[in-house]
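The values are calculated or read from the model by the stated rules, or taken from the named source; none is laboratory data. Computed from a predicted model, the values in this text were never measured in an experiment. Because the Cβ atoms are built from the backbone with ideal geometry, glycine has one as well, and the counts that use them run over all protein chains shown.
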Amino acid sequence: MTSRIWLRVLALFLFANCFVTNLAWAARVTDLYRAQILVAEQSVKADPSLVGKAMEQVLVKVSGRKDVVTHPLLRAALADSNRYIQQFSYQSTAIPMQTEDGREVLAEQLRIDFSSGLIDQLLSDANIRPLGATRPSVLLWIVEERGGNREYLGRSEDPIFTSMLNKASERGLPIYRPLMDLEDEQALPVSDAWGFFADSIRKASSRYQSDAIMVGRIYRDQAGDWKSQWQIIWPQEIVNFEGRGQALDSQLASAVEFAADRLFADFVKPSSGFDDGGILLQIEGVSGLDDYFQVSNYLKELPAIRDFKIHALQGEQLVLRLTIDGSVKQVQSSIALNQRFKPPVGYYQESGSNILIYHWQK
C-alpha cells in the first residue's frame with residue numbers, strides 16, 4: 001500500500017474506537033476504583049468513617065501518590081465520601097475479628113466501588129492527573145536466612161508474599177513472583193540473589209520481561225529482631241534500601257510502599273499544565289493500519305498524552321504530534337512501558353528532547 005493510499009485509509013478510521021488489540025505492554029491494573037476493608041459485621045448502610053477510609057485508598061491508588069489526600073480539595077471531598085459511591089457489598093471470610101462488644105466473629109469484607117467519573121473529575125479539579133491503568137510491573141525475589149541456611153521464599157503460597165501482594169494491591173502496583181522452577185534456580189543461585197548481584201539478577205529475570213525487579217533478603221539479628229534489606233533494579237538505576245518498622249509485616253509493607261513511590265515518581269510529578277506546542281513522536285516500522293491502531297490505542301491509555309495527530313507519513317515512518325499534559329520525561333517513561341517501542345540501534349535519546357524516535361517491534 002502506498003503512503004498516499006495508506007494515509008487516506010487511515011484518515012477514514014482515525015477516530016474509530018471499536019477495535020481490539022493485543023499489546024505487549026506493562027501490566028494493566030484492574031479495580032482501581034475499588035477498596036476492600038474488613039469489618040466485624042454487615043450493615044445496611046456503610047459506615048461513613050469506613051467509606052472515607054476506603055475513598056482515601058482509591059485516591060492514592062488512582063493517582064499513584066501517597067500524599068494525595070493532603071490536598072485541601074480532596075480532604076473536603078472525603079468528608080462527603082458517600083456521594084462518590086457507586087455500589088458496595090459484603091463477602092464472608094475466615095478471618096477472626098472482634099466486635100465492639102468483645103465477641104469474636106468471622107470478619108466480613110466490605111467492598112466499595114467508587115464512581116470512576118466522579119473520582120477522576122475530583123482529581124482533575126485538584127489539578128492532579130490519574131496515573132492510569134498501565135503501570136510498571138515488578139518481579140519479586142525474596143531470600144530468607146534461617147539457622148545459617150538461605151533459601152528462596154515463595155515456592156508455594158507463602159504468607160509473606162501474600163501480605164506484600166495485598167499491600168501492592170492497595171497502591172495499584174503490579175507485583176508478581178518468579179515460577180521458582182529448575183530454570184530459575186539454575187539461572188539465579190541463592191547466593192547471587194542474597195548478594196544483590198545485579199547482572200545475575202537481570203539475566204535470570206529476563207524471561208519474565210518485567211519493567212523492574214525487586215530483591216529482598218530477610219533475617220533475624222542476634223537479638224531475634226527481623227531485619228530486611230532490598231534492592232530495586234530497573235533500566236534507569238539501582239536503589240538499595242532497608243525495611244522500616246520493628247515487625248516483619250511493617251518492613252514488608254514499607255518495601256512495597258518504597259517501590260511504588262520510586263517507580264511511580266516519573267509518572268506523577270506535578271504537571272505545569274498542557275503543552276500546546278507539543279512534541280513530535282517519530283515511529284519507524286509502522287507498516288499498516290493494524291500497526292497504527294495498536295500504537296494509537298496504547299498512546300490513548302497514557303495520561304501524560306492529552307491528544308495526538310498525524311504530522312507526517314512516509315513509507316513505514318509515522319510521525320505524530322503529541323499534545324502533552326506534563327513533561328517530556330513523563331511521556332518517555334510512559335512510552336517505555338510498552339516493550340514494542342524500541343529506540344533505533346545505536347541511537348541516543350536525549351532526555352527532554354522535543355523529538356522522540358522509536359522503532360515499532362513486530
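Things worth noting here:
- Criterion violated by GLN109 - all others in (1) modelled with pLDDT of 90 or more; (2) more than 22 Å from THR30 (Cα to Cα); (3) surrounded by fewer than 22 Cβ atoms within 10 Å (Cβ to Cβ); (4) touching a strand residue (DSSP E or B) at 6+ places or on another chain (Cβ under 7 Å) satisfied: (2)
- From the options SER163, SER200, residue that is touching a residue at least 40 places away in the same chain (Cβ under 8 Å), more than 19 Å from ALA27 (Cα to Cα) and not β-branched (Val, Ile, Thr): SER163
- Some residue of region 171-193 being of a type in the set (Phe, Trp, Tyr), out of contact with any Asp or Glu (no Cβ under 7 Å at 6 or more places or on another chain), in a helix (DSSP H, G or I) and touching a residue at least 12 places away in the same chain (Cβ under 8 Å): no
- Hits in region 68-109 (condition: in a helix (DSSP H, G or I) and touching a residue at least 24 places away in the same chain (Cβ under 8 Å)): VAL68, LEU73, LEU74, ALA77, LEU78, SER81, ASN82, ARG83, TYR84
- Among the numbered conditions (1) of a type in the set (Ser, Thr, Tyr); (2) surrounded by 15 or more Cβ atoms within 10 Å (Cβ to Cβ); (3) over 30 Å from ASN297 (Cβ atoms), the only one that SER137 does not meet is (3).
- Test: residue in region 219-238 that is in contact with a Leu (Cβ under 6 Å, 6 or more places away or on another chain) and under 21 Å from TRP141 (Cβ atoms): yes
- Whichever residue in region 320-339 is over 13 Å from VAL268 (Cα atoms) and surrounded by fewer than 17 Cβ atoms within 10 Å (Cβ to Cβ) and, among such residues, is farthest from the chain's Cα centre (by Cα): ARG321
- Selection count where residues are touching an Asp or Glu at 6+ places or on another chain (Cβ under 9 Å) and of a type in the set (D, E, K, R), scope region 299-320: 2
- Index of the failed condition, ILE128 passing every other in (1) touching a residue at least 60 places away in the same chain (Cβ under 8 Å); (2) surrounded by 16 or more Cβ atoms within 10 Å (Cβ to Cβ); (3) out of contact with any His (no Cβ under 9 Å at 6 or more places or on another chain): (3)
- Unique residue being closer than 30 Å to TYR90 by Cα and at pLDDT 90 or above when the list is SER163, SER116, SER156: SER116
- Pairs with Cβ under 9 Å, 6+ apart, first in region 38-59 and closer than 18 Å to SER116 by Cβ and among the polar types (S, T, N, Q), second part of a helix (DSSP H, G or I) and modelled with pLDDT of 90 or more: GLN57/GLU170
- Being modelled with pLDDT under 95, among the charged types (D, E, K, R) and part of a strand (DSSP E or B) is a property that does not hold for GLU41.
- Scanning region 202-222 for residues that are more than 21 Å from ILE160 (Cα to Cα) and either among the hydrophobic types (A, V, I, L, M, F, W, C) or more than 20 Å from the chain's Cα centre (by Cα) (or both) yields LYS203, ALA204, GLN222.
- Test for ILE95: is it β-branched (Val, Ile, Thr), surrounded by 15 or more Cβ atoms within 10 Å (Cβ to Cβ) and out of contact with any His (no Cβ under 9 Å at 6 or more places or on another chain): no
- Matching entry among PHE267, PHE241 (being among the hydrophobic types (A, V, I, L, M, F, W, C) and surrounded by fewer than 20 Cβ atoms within 10 Å (Cβ to Cβ)): PHE241
- The residues listed here are GLN222, GLN246; of these, the one that is more than 28 Å from ASN338 (Cβ to Cβ), free of Cβ contacts under 8 Å to residues at least 12 places away in the same chain and surrounded by fewer than 20 Cβ atoms within 10 Å (Cβ to Cβ) is GLN222.
- Scope region 297-322; condition of a type in the set (S, T, N, Q) and under 19 Å from LEU131 (Cβ atoms); matching residues: ASN297
- Total residues in region 110-146, condition out of contact with any helix residue (DSSP H, G or I) (no Cβ under 9 Å at 6 or more places or on another chain) and in a helix (DSSP H, G or I): 3
- Selection count, region 200-219, where residues are in a helix (DSSP H, G or I) and exposed (fewer than 13 other Cβ atoms within 10 Å of the Cβ): 1
- Unmet criterion (only one of (1) surrounded by 17 or more Cβ atoms within 10 Å (Cβ to Cβ); (2) part of a strand (DSSP E or B)) for PHE196: (2)
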